[in-house]
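Below: the structure, in structure tokens.
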Amino acid sequence: MTLKQRYEGILTYFAEANPAAQTELHYDSPFHLLLAVILSAQCTDKRVNMITPALFEAYPDAQSLAQSTPEAVYALVKSVSYPNQKSQKLVAAARMIVDEFGGEIPSDMDSLLRLPGVGRKTANVMLSVVFGQPAMAVDTHVYRVSERIGLTTDSPSPLHTEQALTKHIPVDLLGIAHHWLILHGRYVCKARRPLCMECGIRAYCRMYNKEQKKVTGDTPASLKK
């Protein structure tokens with residue numbers, strides 16, 4: 001199987017199985033999505049969704065959060081991972097948005113990366129989800145799943161994975177492909193115990209086919225194409 005065949009098979013399956021994939025983070029505005037994504041670092045979307053309703057109500061826009069304090073924000077987000085750091089970053093980001101960007105979320109990578117708490121993954125999420133730009137956000141699920149199923153090989157960093165995926169995935173599919181890979185890693189291709197027999201892409205999966213070869217001593221039919 002060529003790399004091109006693997007990409008085509010996997011993307012075709014995802015497009016048919018989950019044509020409307022989207023983020024599982026709850027939000028009602030670009031600003032609130034930004035807060036949710038910052039909070040989701042090393043934390044589950046489920047946990048973030050539990051605390052954001054009160055946070056969003058208290059701070060409906062960047063101006064209101066910019067006038068607050070990390071201590072006040074901490075009281076609302078203390079159940080997420082690293083609440084002290086994230087509280088400080090949320091307030092600092094809001095103040096920069098107000099002071100330097102007129103209260104609006106910037107729509108380019110360089111400006112987004114200047115915001116406290118915003119790394120390349122978060123910036124790509126905003127560019128893709130909010131601004132409809134062809135961007136591939138690589139989180140831990142995307143990084144791990146891409147390597148396991150064979151979309152990347154020995155990727156040394158999330159940036160390398162982003163570049164590889166961007167090279168091989170059609171531009172119009174980049175945004176949704178990010179969600180496909182995240183959801184696949186979250187619910188099927190789990191880190192410790194992947195559910196291979198429930199997986200719709202196992203015929204294209206490098207790890208699965210390698211394991212099958214160990215068991216049978218032969219190359220699976222899917223790799224002989």
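Below are the figures for this structure:
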{"quantity": "Residue satisfying all of: in region 25-56; surrounded by fewer than 18 Cβ atoms within 10 Å (Cβ to Cβ) and in contact (Cβ under 8 Å) with a residue 40 or more places away in the chain; nearest to A75 (Cα to Cα) among these", "calculated": "Q42"}
{"quantity": "Contacts under 8 angstrom Cβ, first residue in region 91-117 being without any contact (Cβ under 8 Å) to a residue 60 or more places away in the chain and more than 17 Å from I38 (Cα to Cα), partner assigned to a loop (DSSP other than H, G, I, E, B) and open to solvent by 40 Å² or more (accessible area, probe 1.4 Å), 6 or more apart", "calculated": "G103/D61"}
{"quantity": "Filter result for R114 (basic (K, R), surrounded by fewer than 19 Cβ atoms within 10 Å (Cβ to Cβ), within 20 Å of the chain's Cα centre (by Cα) and under 30 Å from E8 (Cα atoms))", "calculated": "no"}
{"quantity": "Test set (1) open to solvent by less than 40 Å² (accessible area, probe 1.4 Å); (2) under 22 Å from A20 (Cα atoms); (3) in contact with a Pro (Cβ under 8 Å, 6 or more places away or on another chain) - N209 fails condition number", "calculated": "(2)"}
{"quantity": "Residues satisfying the stated conditions in region 72-86, i.e. among the β-branched types (V, I, T) and assigned to a helix (DSSP H, G or I)", "calculated": "V73, V77"}
{"quantity": "Helices (runs of 4 or more DSSP H) fully within region 87-172 counting 2 or more residues that are in contact with a helix residue (DSSP H, G or I) (Cβ under 8 Å, 6 or more places away or on another chain) and of a type in the set (S, T, Y)", "calculated": "140-149, 158-168"}
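The values are calculated or read from the model by the stated rules, or taken from the named source; none is laboratory data. All of these numbers come straight from a predicted model, not from anything done at the bench. Note: ideal-geometry Cβ built from the backbone for every residue, glycine included; neighbour counts use all protein chains shown. These area figures cover heavy atoms from the full protein model, side chains too; ligands, DNA and RNA do not enter into them. Shrake-Rupley method; radii C 1.70, N 1.55, O 1.52, S 1.80 Å.
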